[in-house]
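Each remark here refers to the structure printed beneath this line.
Nothing in this text is a laboratory measurement; each read-out follows from the coordinates by a stated rule. Just so it is clear, the structure is predicted and the values come from calculations on it, not from any experiment. Virtual Cβ from ideal backbone geometry, glycine too; neighbours counted across all protein chains shown.
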There are 2 protein chains.
Amino acid sequence: MSVITIERKVLEKNDAIAEQNRDRFRAAGLFVMNLVSSPGAGKTSLVERTIEALRDRVRIGVIEGDVQTDLDAQRVARYGVPVVQIVTNGGCHLEARLVHDAIERLALDGLDLLIIENVGNLVCPANFDLGEAMKVVVISTTEGDDKPLKYPAMFREASVVVVNKSDLLPYVSCDVQALVSNALSVNPALRVFETSCTTGLGLPDWCDWIAQEAGRGHA
Amino acid sequence: MSVITIERKVLEKNDAIAEQNRDRFRAAGLFVMNLVSSPGAGKTSLVERTIEALRDRVRIGVIEGDVQTDLDAQRVARYGVPVVQIVTNGGCHLEARLVHDAIERLALDGLDLLIIENVGNLVCPANFDLGEAMKVVVISTTEGDDKPLKYPAMFREASVVVVNKSDLLPYVSCDVQALVSNALSVNPALRVFETSCTTGLGLPDWCDWIAQEAGRGHA
């Protein structure tokens, strides 16, 4: 029982700091996206393609969250955008406090869009508000169409689902219609994008939507 | 600080129950494997192919762990082996207590091999001993070759790594040699299998190894 109490306290404390982050993002007129998925669903590739497409019209910053290594920050830094790596040292999700510290190292007023790439984990990050405008869950076609039913919390907490790696559909047993229908059964309000970072399919729609959100000064 | 203390107590309590489970497995002469991976790496397909190949010579039982649904237990039950579904209701990993309760519903003395399929999560299950003889980590080629470096705890805790979905290699940017080399840099003692549950590649070696381990009465 004491564990449950502690967990609730951890979440309450996290939510309080998340609200502080949200206030800062709002003051800076910044659209902030918390990108979540299983390991290897393609979050970093999606970030790379998004920066390539948008960097001339949207000022983008990135926070990379990983259990270990700064490999993802290295990948993203090549595109010339400001990036901060958070290493959780075994931690299975980002917390608002870590983001609070990371944004000290970013000039928020000079950005329109902040992408926070969470630790690859389809379970734990669902519970932790970071102060974002919305969670975006990326699901790869290779993971199978049953995943929204098996990991519902993440799809319930997200506002957007990106079905990625659509180029692999001919080679895997994944029914995209079933996947989307399963996701919508958990959360009917989800906005859906279908993308391939290899062929580029779906990326223009995705990027146009982000540019629009970032232009709104959403937070 | 109090949270860290609680966490250590949770792990200590878990380990004590895991030892009880291990004693029971040993008494029953049972080889027990804790199968871990990201969501959608192919654990359930690997279990299905393994049962198909071995059911005439190895008596197999399965415990399925999922955040929600009994979809995996339904899949496995079709093969006529005893299966118990654990639903964690949001929990991000199996704990020894849950397995302790689940094995009450299995006739362990009538089994040679018990496969415990953990929740799809490459982070949290690494910390929780269930009483198994070994952890087997499944990694899909679609997840990318950097994952052992980014999620090292799981590869450190495992005794075996199965590189699955090798049939997709022509279509994804994954260097299997780099993947294996990254895994071995984290844990040089790892035994490595490369499999495809679609083409069957590598499954005979994998199954022969399991049959051998199960024949030893390992626990």
### Query
Which percent of Cα pairs goes in each bin when the distances of the range B:111-219 are cut into 10 angstrom slices starting at zero?
14, 45, 35, 6, 0
### Message
Per residue of the range A:132-138, what does 6.51 cos²θ - 1.76 cosθ + 1.60 with θ = phi - 60° give for ³J(HN,Hα)? Whole Hz please, x for Gly and Pro, Karplus curve as stated.
### Response
5, 6, 7, 8, 10, 9, 9
### Task
Be a star and scan the range B:140-159 for residues whose amide nitrogen sits under 11 Å from the point 7 Å along the Cα-to-Cβ vector of B:VAL176.
B:141
### Query
Taking N as the number of residues in the protein assembly as shown, what is its alpha-carbon radius of gyration divided by 2.2 N^0.38 Å?
0.98
### Label spacing, shortest first and in nm, from B:LEU169 to its equivalents in the remaining copies (7 angstrom along Cα→Cβ)
2.7
## Note on the structure
Of the residues B:PRO125, B:VAL138, B:SER185, the Cα lying farthest along the dipole of chain B towards its positive end, which is defined by charges on the beta carbon of Lys, Arg, Asp and Glu, belongs to B:PRO125
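Contact order normalised by length for chain A, with contacts defined as Cα pairs under 8 Å and 6 or more residues apart; what percent is it?
27 percent
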### Summary
Asserting the computed 222 nm helical MRE of the protein assembly as shown (DSSP H runs at least 4 long, -39500 (n - 2.57) per run, divided by residue count, to nearest 500) equals -12000 deg cm²/dmol
### Task
Once every Cα of the range B:29-121 carries one equal point scatterer and solvent is ignored, give the base-10 log of I(q)/I(0) from the Debye formula at q = 0.13, 0.14, 0.21, 0.22 Å⁻¹, two decimals.
-0.38, -0.44, -1.03, -1.14
### Message
As an exercise, identify the trypsin sites (Lys or Arg not before Pro) in the range A:64-157 lying in DSSP coil whose Cβ has no more than 16 other Cβ atoms within 10 Å.
### Response
A:ARG78
#### Entry: Label spacing, shortest first and in nm, from B:ALA27 to its equivalents in the remaining copies (7 angstrom along Cα→Cβ)
6.3
### Query
Got the B:ASP70 label distances to the other copies yet, label 7 Å along Cα→Cβ, in nm, shortest first?
5.0
### Task
Compute the Rg/Rh shape ratio of the range A:12-213: radius of gyration over Kirkwood radius, all on alpha-carbon atoms.
0.94
